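The values are calculated or read from the model by the stated rules, or taken from the named source; none is laboratory data. Owing to the predicted nature of the structure, the values given are computational and were not obtained by experimental measurement. Ideal geometry is used to build each Cβ from the backbone, glycine not excepted, and the neighbour counts take in all protein chains shown. When the accessible area is computed, the model is the full protein with side chains, heavy atoms only, and any ligands, DNA or RNA have been set aside. Shrake-Rupley method; radii C 1.70, N 1.55, O 1.52, S 1.80 Å.
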Amino acid sequence: MAAPRRGWLCAQSWLLLVICAIVPGVPSVRAEDGYALWLRYAPVSAAAARETLSRLGPPELLGASSSVTDMAQAELARGLSAMLGVSGKGVVLARADRLAGSDIALAAPLAGLPEGAYRIVTRRDGRLTVIARDDSGLLYGSFALLRGIAGGDWLTEGRRLTEIDMMSVPILPLRMIDHWDNPDGFVERGYAGRSIFDWWLLPDHLDPRLIDYARANASIGINAVVVNNVNASPLMLTPRYLVKLARLADAWRPFGIRLFLSARFSAPRDIGGLATADPLDPAVRRWWKDKADEIYAAIPDFGGFLVKANSEGQPGPQDYGRTHADGANMLAQALGKRGTVIWRAFVYASSAETDRVKLAYDEFKPLDGKFAPNVLLQVKNGPLDFQPREPFHPLFGAMPKTRMMLEAQITKEYLGFATHLAFLGPLWKEVLDADTGHGKGARLTVAETLAKGGMAGVANIGADRNWTGGHFDQANWYAFGRLAWNPALPSHRIAREWAAQTFSPNPAFLGPVTAMMEESRQAVVDYMTPLGLAHQMGTGHHYGPAPWVSDLARPEWNPVYYNRADASGVGFERTAKGSDALAQYAPTVAAQWADPATMDEAYLLWFHHVPWGYRTRSGRTLWAELVARYDRGAAAVDRISVQWTALAPYVDSERFGAVADFLRIQQREARWWRDASIAYFGSVCGCALPPGVRPPAHPLDWYRALRFPDAPGNP
Ligand code: BDP
């Protein structure tokens, strides 16, 4: 594509800038700030497409219009006119039941498919048509059509739009963004500024940004949003807030998005004037039922409640000697058929545990079959807490009678905040594609266990102009949505699709940028927590390395609890010789991680305490291998940074410069991680640095003395 290159050229001097600004037909050279996300709709030079769409008369809708089809048509008009200079002409949006004659057959493949499925194909009269059985399918299909054009693939080699015939089906029913936003605008683990929700001004003023937010979500198939933090304020359930929430729900309905709320379990006491929140108490049950009725009166399609209970100090049913199922089912009954309770399995409330990663399984596995039909159990991707790498959570596949949601963290709490470039497609794919071993002889992947639930992603969205702090963090929002729609999509394809729309569809750009993105997450694993290490981050804020910390009140808050480094070796013994967490996995899976000599070394120190002198697969000792991995990670960031420099011709100067700045920060911090970790583990092991290895820049005490009371996102 010539346009972005011209944009870059134009930005190089004031003279060129003036020329570019006055020559008709030259695309805008205004530096981009990232606000438009992947919905930039940059001009596409495709005469064939323009011709196809302009010769065919006005856009048409077959079927009754609705607020959702209005949005679909508006988006098509907006996107097609910006990209091709045609105003949506020639595109037909057709409800399957409104096709006539021989066109009826076009809808046949959609029969029986889930809500939201669509087909894009050309009718006999030559008109490009989006067909769906419901309005949301028409909306998703419209976005897919725009994506296909913006991504370039459809228009290469002189292909005509009318040759397109594609179908897409949402594989997971619930595709949800979870905001950890507080009513006062603070975002827990947020690195992109304050909350996008201005509760103070709602309902009187709705920031137009919230419409663009809904467009972005709809474009990737998101159909549910939890607007507030799981560490929930009861304020959100008060009448004053319900009117604010209703305004939001009304604004998002045309985009197929249902609003959910995090509910504080003690609300009947906090705001209801009751003496208890015991889920079996009739007055408590009545209070929640009345509350649900009140919410549905204001928001008829309210999605339901997300609940964090008896975890990290949050109230819950166990405060009254009741089980998680008692708590969840009580709320499920209050909602009835109208909505869903999403109950989180992220719990580690008991005090005398030997291994924190075992707790969720121990508590929830016995409750399989005890949850009401409208309860979903929301399980984090791994058993600890959103680390750069964890094995998949053992609850997936282990509760066949329970509907499951996978919770992923889009915001990079443990992966360098918004500054580090870490594309999370490969992380999520690793989990989604993992075989749980519960398939009775066949494969049963984590993704397959979500078929009656879905995926929730903890948002990385804030009021920063570019939404996510780092420009490349937009890719994680995008990838999350695309994978929740279809977990089988390859990560590299998603990366490429995003980069084409967000920066440039030029293949000379897409090749290198996709490669950079694909290797970026492994780089973070290498320089932060290689070989299966986890939770080595600084206290509370989780910024930077702190593998030495050992003085926090609860043992499982300390990095030393997880690394278990001593003179004999490093790593957490989770076989039968240790905590036996391995036994929570299906036997075939447990077997694959049981033996350090044969297992994937990516998980070595997660499952085993290994002597420093142990020979790893590379032939190096464990100590030397650890050092080599830290070095490899830091070197990868240096390489990515050089690769980015070479991509300057394809990116506008504002976004190019911002990414380059962030990469410099990442280079510095990757070295910091490497140096501090080597200094610490070297001191514990008493091992000399392998020959030729650069010593840490500072002595260990220098790293230990660093403090960051002002790190963002820390509640
Ligand atoms: C941890 C975060 C904490 C969250 C918690 C959760 O540090 O802020 O409240 O997860 O998921 O990762 O509940």
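Things worth noting here:
- Residue count for region 518-556, restricted to those that are at pLDDT 95 or above and assigned to a helix (DSSP H, G or I): 14
- Out of 440, 401, 358, 370, one residue alone is away from the ligand (no atom under 16 Å from the Cβ) and closer than 22 Å to residue 578 by Cβ. It is 358.
- So residue 675, is it in contact with a helix residue (DSSP H, G or I) (Cβ under 6 Å, 6 or more places away or on another chain), acidic (Asp, Glu) and under 30 Å from residue 469 (Cα atoms): no
- Annotation: of all residues in region 309-325 being more than 15 Å from residue 374 (Cβ to Cβ) and more than 15 Å from the ligand (Cβ to nearest atom), the one that is surrounded by the fewest Cβ atoms within 10 Å (Cβ to Cβ) is 321.
- Hits in region 332-355 (condition: closer than 21 Å to residue 553 by Cα and within 13 Å of the ligand (Cβ to nearest atom)): 346, 347, 348, 349
- Residue that is in a helix (DSSP H, G or I) and open to solvent by 20 Å² or more (accessible area, probe 1.4 Å), where the choices are 500, 515: 515
- Criterion violated by residue 410 - all others in (1) away from the ligand (no atom under 15 Å from the Cβ); (2) over 19 Å from residue 531 (Cβ atoms) satisfied: (1)
- Residue match in region 363-383 (condition: out of contact with any strand residue (DSSP E or B) (no Cβ under 9 Å at 6 or more places or on another chain), modelled with pLDDT of 95 or more, closer than 30 Å to residue 522 by Cβ and not aromatic (Phe, Trp, Tyr)): yes
- Residue that is farthest from the ligand (Cβ to nearest atom) [pool: residues in region 167-190 that are outside any loop (DSSP other than H, G, I, E, B) and over 24 Å from residue 450 (Cβ atoms)]: 181
- Filter pass, residue 367 being of a type in the set (A, V, I, L, M), surrounded by fewer than 24 Cβ atoms within 10 Å (Cβ to Cβ), in contact (Cβ under 8 Å) with a residue 12 or more places away in the chain and in contact with a Leu (Cβ under 9 Å, 6 or more places away or on another chain): yes
- Subset of region 431-453 (residues that are within 18 Å of residue 390 (Cβ to Cβ) and either crowded, with 19+ Cβ neighbours inside 10 Å or of a type in the set (A, V, I, L, M) (or both)): 431, 432, 434, 436, 437, 445, 446, 447, 449, 450
- Within region 443-463, considering residues that are under 12 Å from the mean Cα position of the chain (by Cα) and of a type in the set (Val, Ile, Thr), the one farthest from the ligand (Cβ to nearest atom): 461
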